[in-house]
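The values are calculated or read from the model by the stated rules, or taken from the named source; none is laboratory data. What you are looking at is a predicted structure, and each value in this text was computed from that prediction instead of being measured. Here Cβ is always computed from backbone atoms with ideal geometry, including for glycine, and neighbour counts include all displayed protein chains. Ligands, DNA and RNA are excluded from the accessible area calculation, which covers all protein heavy atoms including side chains. Shrake-Rupley method; radii C 1.70, N 1.55, O 1.52, S 1.80 Å.
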Amino acid sequence: MEAFKVYTGMTVPFMNDNVDTDQIIPKTYLKRVDKKGFGEFLFDDWRYLSDRRPNPEFVLNFPEYQKATILVSGDNFGSGSSREHAAWALMDYGFKAVIAGSFSDIFYMNATKNGLLPIALDKVAREKLAAVSPTAKITIDLPNQVVKTKEDTFSFAIDETWKNKLVNGLDEIGITLQAEELISQYENEGVPIYWR
């Protein structure tokens, strides 16, 4: 997993509340077994018209937001089913972080496990971020837990365990590999290992 420390990118405002995982990635597209290729179907019902042409009224299709990598949204983002594909679709599209008022617990966990940073900020902060010019960049400093624009700095909370995993680019496999020497010792010698 790629480490997330300090990231600078452009935002796209999508201030809908209660965006569920079926709206993020419809179940029709869950047949793939790889994490790649889901970005094409992100927000599928909103991004495309019935003939699969891009919906000109949907914000992700606006020319000025084509380079956005930080999604600013409403409350209760990622509710609904537990599909990990929702995080995969956001990341495959190019998003590095989602800033919302709140997240469903399962989506939050799936996002952090895959390297997508979910940030909860209050409505005033999100409205300021949503009003930032499409060409302006904001900076997310995870070690210091702040989001910065040219004018404002917003602090956010994150569990230390998730923060450590993201800053160090560690998923479950990466954490296990930190004990590779002890695992090899056990496999070679058959002696019990007491995890620290």
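Brief remarks on what is shown
- Close contacts from segment 160-173, counting a first residue that is part of a loop (DSSP other than H, G, I, E, B) and a second that is among the acidic types (Asp, Glu) and open to solvent by 40 Å² or more (accessible area, probe 1.4 Å), with Cβ to Cβ under 8 Å and a gap of 6+ residues or different chains, come to 169/2.
- When 93, 108, 65 are screened for being in contact (Cβ under 8 Å) with a residue 12 or more places away in the chain, closer than 22 Å to residue 139 by Cα, touching a Leu at 6+ places or on another chain (Cβ under 9 Å) and among the aromatic types (Phe, Trp, Tyr), only 93 passes.
- In segment 1-21, the qualifying residues are those that are open to solvent by 50 Å² or more (accessible area, probe 1.4 Å) and modelled with pLDDT of 95 or more, and the one that is nearest to residue 166 (Cα to Cα) is 5.
- Subset of segment 132-148 (residues that are of a type in the set (Ser, Thr, Tyr) and in contact (Cβ under 8 Å) with a residue 24 or more places away in the chain): 135, 139
- Within segment 60-86, being open to solvent by 20 Å² or more (accessible area, probe 1.4 Å) and of a type in the set (Val, Ile, Thr) holds for one residue alone: 69.
- Index of the failed condition, residue 108 passing every other in (1) more than 18 Å from residue 166 (Cβ to Cβ); (2) under 16 Å from the mean Cα position of the chain (by Cα); (3) among the aromatic types (Phe, Trp, Tyr): (1)
- None of 42, 30, 60 is at pLDDT 95 or above and closer than 20 Å to residue 113 by Cα except 42.
- Matching residues, segment 37-58, being on the phi > 0 side of the Ramachandran plot and open to solvent by 80 Å² or more (accessible area, probe 1.4 Å): 52
- Within segment 125-150, tally of residues that are of a type outside the set (Lys, Arg), under 23 Å from residue 17 (Cβ atoms) and open to solvent by less than 90 Å² (accessible area, probe 1.4 Å): 10
- Single match in 153, 161 (criterion: farther than 22 Å from residue 20 by Cα and at pLDDT below 95): 161
- The set of residues from segment 104-157 being closer than 26 Å to residue 64 by Cβ, of a type in the set (S, T, N, Q) and touching a strand residue (DSSP E or B) at 6+ places or on another chain (Cβ under 9 Å) comprises 139, 149, 153.
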